[in-house]
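Quick notes on the structure that follows.
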Amino acid sequence: MKKWLFALIAVPTLLVGCGEKKEALPEPVVPQIPEVEILTPKEVVLNETIELAAHVEQGGENVDDAVVEFEVWESGKRDEGQMIDGKLEKDGVYKATTTFDHDGVYYMYAHTTANGVHNMPKQQIIAGSPDMTQVLPEDEKSNNSMDNNMMNHGNGTSNDADHDDEERDEKNHH
């Protein structure tokens with residue numbers, strides 16, 4: 001009988017003692033999406049060196065170790081576009097240069113990766129005095145289909161992703 005009484009007291013005491021030592025696991029830290037402000041003018045002169053520029057912040061702080069690539073193409077000719085590496089100038093500002101040699105409407109993505117998170121705002125650039133009736137319209141859904149997958153990593157619906165891109169584009173088109 002004494003053995004049963006001892007077992008009835010000892011087992012719950014051991015279980016309670018183990019339960020008190022549990023520590024909560026820390027929440028995983030998820031990096032914020034980098035905020036990218038495009039600093040490149042929306043209208044540029046032909047045959048002059050154009051500065052492609054973007055300011056990168058994350059969590060309200062300048063990011064000086066991001067990877068920034070500027071993708072530039074003429075309207076309707078995305079397959080002929082070029083990628084230009086951005087170099088850190090100072091205080092989260094990345095720059096590269098290019099030249100536009102003929103009138104046209106161009107587009108630029110500032111592909112930016114900071115702490116493993118990618119953002120890629122888009123901006124239209126008008127070079128010279130293009131005949132706007134000859135400009136081919138950009139097919140936003142086909143051009144952005146890969147971009148949406150990169151940003152949303154499969155979360156949400158494609159309509160949500162299209163809406164997010166529109167909001168980002170509006171934010172970055174000052």
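Once you have the Cα-Cα distance between THR97 and GLU61, take 0.36 nm times their residue separation minus that, and quote the gain in nm to one decimal.
That works out to 10.5 nm of additional length.
Going by the alpha-carbon gyration tensor, a ≥ b ≥ c the square roots of its eigenvalues, is the stretch 87-140 rounded (a/c under 1.5) or, if a/c is not under 1.5, prolate (a/b greater than b/c) versus oblate?
oblate
For PRO31, what charge total do you get from the other residues with a beta carbon under 13 Å from its beta carbon, if Lys and Arg give +1 and Asp and Glu give -1?
Here the count lands on -4.
Using θ = phi - 60° and the Karplus relation 6.51 cos²θ - 1.76 cosθ + 1.60, list the HN-Hα couplings for the stretch 59-70 in order, rounded to whole Hz, with x at every Gly or Pro.
Karplus values, whole Hz, x for Gly and Pro: x, x, 10, 4, 10, 9, 10, 7, 10, 10, 10, 9.
Apply the Karplus curve 6.51 cos²θ - 1.76 cosθ + 1.60, θ = phi - 60°, to the phi angles in the stretch 98-107 and return the couplings in whole Hz, x for Gly and Pro.
8, 9, 9, 9, 8, 4, x, 9, 10, 10
Can you put VAL72, VAL135, VAL29, VAL45 in order of accessible area, largest first, using a 1.4 Å probe?
Numbers: VAL72 10, VAL135 45, VAL29 135, VAL45 80 Å².
So the residues, ranked largest to smallest area, are VAL29, VAL45, VAL135, VAL72.
Roughly what would the spin-label model give for GLU48 and THR133, points 7 Å off Cα along C-beta, in nm?
Inter-label distance under the simple model: 2.9 nm.
Return the long-range amide H neighbours of VAL93 (sequence gap of 5 or more, or a different chain), with a cut-off of under 5 Å between placed amide H atoms.
VAL56
Go through the stretch 30-36 residue by residue and turn each phi into a ³J(HN,Hα) via Karplus (6.51, -1.76, 1.60, θ = phi - 60°); whole Hz please, and just put x for glycine and proline.
9, x, 6, 5, x, 8, 10
The values are calculated or read from the model by the stated rules, or taken from the named source; none is laboratory data. Everything numeric in this text was worked out from a predicted model, so none of it was measured. Please note: Cβ atoms are built from the backbone with ideal geometry, for glycine as well, and neighbour counts cover all protein chains shown. Surface accessibility is based on the protein's heavy atoms, side chains included, excluding ligands, DNA and RNA. Shrake-Rupley method; radii C 1.70, N 1.55, O 1.52, S 1.80 Å.
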